[in-house]
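Student: Below you will find the structure I want to go over with you.
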Amino acid sequence: MKNLKPFQVPGTFLDNTNNPPITVADACVLGIAFDATASYNKGAWFGPNAIMAASHQIEYEVPVFGVPLTDKVKIHSVGVLEYPRQLKEDFWIEWADAQMERLCKKMVSDVEEVSNRILKQKKLLVGFGGEHSTANGIFRALAKNYNPKEVTILHLDAHLDMREELDGSEYSHGSVIKRALDLGFQTIHLGIRDHISAEEAETIQSMNLSDRIFPCPTMPKTYYKKKSAIFKSPNFLWNGIFSPTITKNIVKKIRTPFAYFSIDVDAFDPAHFPGTGTPLPFGLDFSSTQDFFYALLVEFKKNDTVLLGFDIQEVSPQLEKNAKQYNALQTMSTQTEMNAALLAYKILLWQFLDRF
Ligand SMILES: [Mn+2]
């Protein structure tokens, strides 16, 4: 595939010296450099290489055990699917809708093809975006290999992304979860707090999704006297924190044999992930979310729920304006990509913790 390029840094996720072959791999990392439909800050194109470079700075000796994660878990780096950017000599150019649509379709079908190869070999799929629309291809590959009714997608995001289309594209970052619903997946939504469009509200009502949404309230507690038709207040993640009760409620709602996480980093508070397409305050607390994932993966093991993979989307490094490729020295802050790499490392560790 001609747009599949090696990552800018050598090696694989966490380990800059060695890329184990796919045949022995437990997990496969695929980057998707694509940010054509982003509404506000563009730059998620640099996300995959930024996360990979940041991963080499992480202390990946596992606490307590003192063994590097990569000693016990083989992670194969597949490479980065790269697409044209809307840039000409440092200026943004608008593309015609037809051109945009062609590019989106090409990206989705490439991502589907590579994801399919990974899933067929029963490897854990790790996707690094790119804008959230890149998950479209992963969802399609999941639907090819598993019955979507048997897969719960845990969707972390400030936005519902359930629009039928956005700016004329059904493959937009604002429609990606609607496409997952169309494919028949079960979904749960965490960290939602931005505007819900009328059509999204209709989808929530018609598909009875209200009690599967765990939003982050953006108003003081006393404001919520009037009940919301869309958000159920027992599901509220106050101050972006997962209480033990809420965690239990979420776990109870996952009744499928398979699960997948689709993580848009704008779900988190921008204090932890400032470099993203549309940063919004009042988001998920990073430390509480990591406790949640840990508890969740412990439950998955108990219940024989199989995690098929996860993606981390919308990491848009805070690069200097004239940066042509990802370079930590041309970055105002590397916090977003560092935290994204850290999150991926922890999910991988907890998934394979029984090997330690
Ligand atoms: Mn999103």
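Student: With both partners inside the range 1-140, how many of the DSSP beta bridges are antiparallel, as a percent to the nearest 5?
Tutor: Working: 5 of 18 bridges.
Given both bridge residues lie in the range 1-140, the antiparallel proportion sits at roughly 30 percent.
Student: From largest accessible area down, sort Phe13, Phe356; use a 1.4 Å probe on the protein chains.
Tutor: On the way: Phe13 0, Phe356 50 Å².
Ranking Phe13, Phe356 by accessible area, largest first, yields Phe356, Phe13.
Student: Separate question: Find the accessible area per residue for the chain; the probe is 1.4 Å, ligands and nucleic acids are left out, and the unit is Å².
Tutor: Details: 15380 Å² over 356 residues.
The answer is 43 Å² per residue.
Student: Sticking with this one: In deg cm²/dmol and to the nearest 500, what is the mean residue ellipticity at 222 nm of the chain if only DSSP H runs of at least 4 residues count, each as -39500 (n - 2.57), divided by the residue total?
Tutor: Working: 9 runs with 110 residues, N = 356.
Using -39500 (n - 2.57) per qualifying helix, the result is -9500 deg cm²/dmol.
Student: Given the peptides 250-261, 134-145, arrange them by the average over their residues of other C-beta atoms within 10 Å, most packed first. Can you show the working numbers first?
Tutor: Details: 250-261: 17.7, 134-145: 24.2.
Answer by packing, highest mean first, reads 134-145, 250-261.
Student: 7 Å from Cα along Cα→Cβ at both Asn145 and Asp182: what's the point-to-point distance in nm?
Tutor: Using points 7 Å along Cα→Cβ, the separation is 2.3 nm.
Student: Any lysines with Cα under 19 Å of the Lys253 Cα? List them, leaving off those in the same chain fewer than 8 positions away.
Tutor: Cross-link targets: Lys149, Lys232, Lys301, Lys302.
Student: What order do you get for 306-315, 339-348, 99-108 when each peptide is scored by the mean count of other beta carbon atoms within 10 Å, highest first? All intermediate terms of the calculation are to be shown ahead of the outcome.
Tutor: Numbers: 306-315: 25.1, 339-348: 22.9, 99-108: 17.7.
Descending mean neighbour count gives 306-315, 339-348, 99-108.
Student: Hey, another quick one. Output the relative contact order of the range 4-355, whole-number percent, from Cα pairs under 8 angstrom with separation of 6+ residues.
Tutor: Values: 726 pairs, mean separation 71.2, N = 352.
Relative contact order, the range 4-355: 20 percent.
Student: Only Lys, Arg, Asp and Glu count, each charged at its Cβ (+1, +1, -1, -1), so figure out the dipole size of the range 4-355 about its Cα centre, rounded to 20 debye. Working shown, then result.
Tutor: On the way: 36 positive and 41 negative charges, 213 e Å.
So the dipole magnitude of the range 4-355 works out to roughly 1020 debye.
Student: With a 1.4 Å probe and every protein chain kept in, tell me what percent of the accessible surface of the range 309-356 is carbon plus sulfur.
Tutor: 51 percent
Student: Keeping the other protein chains in place, figure out the carbon and sulfur percent of the accessible area of the range 1-107, with a 1.4 Å probe.
Tutor: Numbers: 2760 of 5200 Å².
Result for the range 1-107: 53 percent of the exposed heavy-atom area is carbon or sulfur.
Student: Compute the distance from the alpha-carbon center of the range 266-323 to that of the range 33-52, in whole Å.
Tutor: Centre-to-centre distance over Cα atoms comes out at 16 Å.
Student: Restricting the count to DSSP beta bridges whose residues both fall in the chain, what percent are antiparallel, rounded to a multiple of 5?
Tutor: Details: 7 of 45 bridges.
Percent antiparallel among DSSP bridges in the chain is about 15.
Student: Another one. Using a 1.4 angstrom probe with every protein chain in place, what is the largest-first accessible-area order of Ser197, Ser233? Write out the running numbers ahead of the final one.
Tutor: Working: Ser197 15, Ser233 70 Å².
Ranking Ser197, Ser233 by accessible area, largest first, yields Ser233, Ser197.
Student: Moving on. Ser333 accessible area, nearest 10 Å², 1.4 Å probe?
Tutor: Accessible area of Ser333: about 30 Å².
Student: Let me ask something additional. Under 19 Å Cα-Cα from Lys321, which lysines qualify once same-chain neighbours fewer than 8 residues away are excluded?
Tutor: Cross-link targets: Lys42, Lys88.
The values are calculated or read from the model by the stated rules, or taken from the named source; none is laboratory data. The shown structure was predicted, so the numbers you read here are calculated from the model rather than taken from an experiment. FYI the Cβ positions are ideal-geometry reconstructions off the backbone, even for glycines, and counts take in every protein chain you see. The accessibility values were calculated without ligands, DNA or RNA, using every heavy atom of the protein model including side chains. Shrake-Rupley method; radii C 1.70, N 1.55, O 1.52, S 1.80 Å.
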